[in-house]
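Below: one structure, written as structure tokens.
The values are calculated or read from the model by the stated rules, or taken from the named source; none is laboratory data. Keep in mind that what you see is a predicted model, and the values were worked out from it rather than measured. Don't worry about glycine lacking a Cβ; one is built from the backbone with ideal geometry, like all the others, and counts go over all protein chains shown.
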Amino acid sequence: MIKFKHFLYILISGVTLYSCSNSNNTTVDDFDHEAQAIKDSDSIVKFLKNNYFNEERDSIMPIENGETTLFEDSRLLTKTVNEFDIDYTYYVFVQNEGTPNVDKGFPTVIDSILPVYRLRTLTNSTEVENEQDLINPQWFNQVNVIPGWRYPWVHFKNGNNVTNNGPITYENSGKGFFILPSGISYRNGGTLPNKILLYYIELYDFIKDTDHDRDNVPSFYEDVDGDGKPWNDDTDEDRTVDFLDIDDDNDTVFTRDEDANGDGDPRNDFSDPDNPTLPDYRNRNIRD
């Protein structure tokens, strides 16, 4: 049987936008990332305490007349994630959660998304620098992206496609912004080294239960160790992560074919009496 181990179901075009790609993220080994994390954290907090969200301008503005600071705004979520053995705090501002006619819930960290955004970088406590605007929506498959990009989207829902013989148009989409410290952005390398990123975003759509390798196991559920990061799980240790691996246990039988009960879901097939909790598609001793 010929196996295409590195088959990748790409849902986006071949154009790579620098704003979230990690393809050029070369870092300096002796860089003090912990010190940079502390510096970024202080800078972000100062920014949040000196600015507010202006609804009319749909943008962050400096405090002028006692407006509620971002830091005190109930719509601001404070989140922490561990990457590279450092705890990083990032912030998500939910302006509108999203009210789709067909409610698919929220995307997972690995579901393919269709957003638009405005990317800015923080320069001081009240100013930002324009970097890039994605005006036309584009699909992102969440594979080759900076670490922090994946996490904030789980707080937004999709919108309603009202396109009618014109530009792609959505209404009632999830909308807001998020702020990422440099440690989960480009770190000290890449296109924007040591830069704190601010994304104003709208989530037009997403593919619920995205299955990147089309093996009938949704990518999010290929998180074997349960840490919420499917991109670090490799059952057969063949250097192809499970959610991109069409034969997860490397037994020469495709994962989608290890479906003993024929219901189209390999996750609920357990044929090994000596290992009754291990699904067949992750058990090299079973070749159904």
TODO: Filter region 78-111 down to the residues that are hydrophobic (A, V, I, L, M, F, W, C) and assigned to a strand (DSSP E or B), then identify the one that is surrounded by the fewest Cβ atoms within 10 Å (Cβ to Cβ).
DONE: 86
TODO: Identify, from the list 172, 141, 158, 165, the residue that is more than 19 Å from the chain's Cα centre (by Cα) and either within 27 Å of residue 122 (Cα to Cα) or modelled with pLDDT of 95 or more (or both).
DONE: 172
- [ ] For residues that are of a type in the set (A, V, I, L, M, F, W, C) and more than 16 Å from the chain's Cα centre (by Cα), scanning just region 95-130, find the one that is nearest to residue 204 (Cα to Cα).
- [x] 102
Task: Of all residues making up region 215-231, the number that are over 14 Å from the mean Cα position of the chain (by Cα) and either closer than 22 Å to residue 149 by Cα or assigned by TED's automatic domain parsing to the domain that holds residue 116 (or both) - done: 8
Open item on the list: Given the condition under 28 Å from residue 158 (Cα atoms), touching a residue at least 40 places away in the same chain (Cβ under 8 Å), among the hydroxyl-bearing types (Ser, Thr, Tyr) and in a loop (DSSP other than H, G, I, E, B), answer yes or no: does some residue in region 209-216 qualify?
Closed with: yes
TODO: Might you check whether a residue that is modelled with pLDDT of 95 or more, loosely packed, with under 15 Cβ neighbours inside 10 Å, in contact with a strand residue (DSSP E or B) (Cβ under 8 Å, 6 or more places away or on another chain) and closer than 21 Å to residue 198 by Cα occurs anywhere in region 34-54?
DONE: yes
- [ ] Would you confirm whether any residue within region 254-263 is touching a residue at least 24 places away in the same chain (Cβ under 8 Å), surrounded by fewer than 19 Cβ atoms within 10 Å (Cβ to Cβ), in contact with an Asp or Glu (Cβ under 6 Å, 6 or more places away or on another chain) and not in a loop (DSSP other than H, G, I, E, B)?
- [x] yes
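For every residue, the table says whether it meets (1) crowded, with 16+ Cβ neighbours inside 10 Å; (2) assigned to a loop (DSSP other than H, G, I, E, B); (3) of a type in the set (Asp, Glu).
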| position | (1), (2), (3) |
| --- | --- |
| 177 | yes, no, no |
| 186 | yes, yes, no |
| 190 | yes, yes, no |
| 226 | no, yes, no |
| 239 | no, yes, no |
TODO: Would you tally the residues in region 101-123 being touching a residue at least 40 places away in the same chain (Cβ under 8 Å) and within 16 Å of residue 180 (Cα to Cα)?
DONE: 7
Task: Residue that is surrounded by the fewest Cβ atoms within 10 Å (Cβ to Cβ) [pool: residues in region 55-70 that are in contact (Cβ under 8 Å) with a residue 24 or more places away in the chain and within 25 Å of residue 186 (Cβ to Cβ)] - done: 59
Open item on the list: If residue 21 satisfies all but one of (1) of a type in the set (Gly, Ala, Ser); (2) at pLDDT 95 or above; (3) outside the structural domain of residue 181 (by TED's automatic domain parsing), what's the number of the condition it fails?
Closed with: (2)
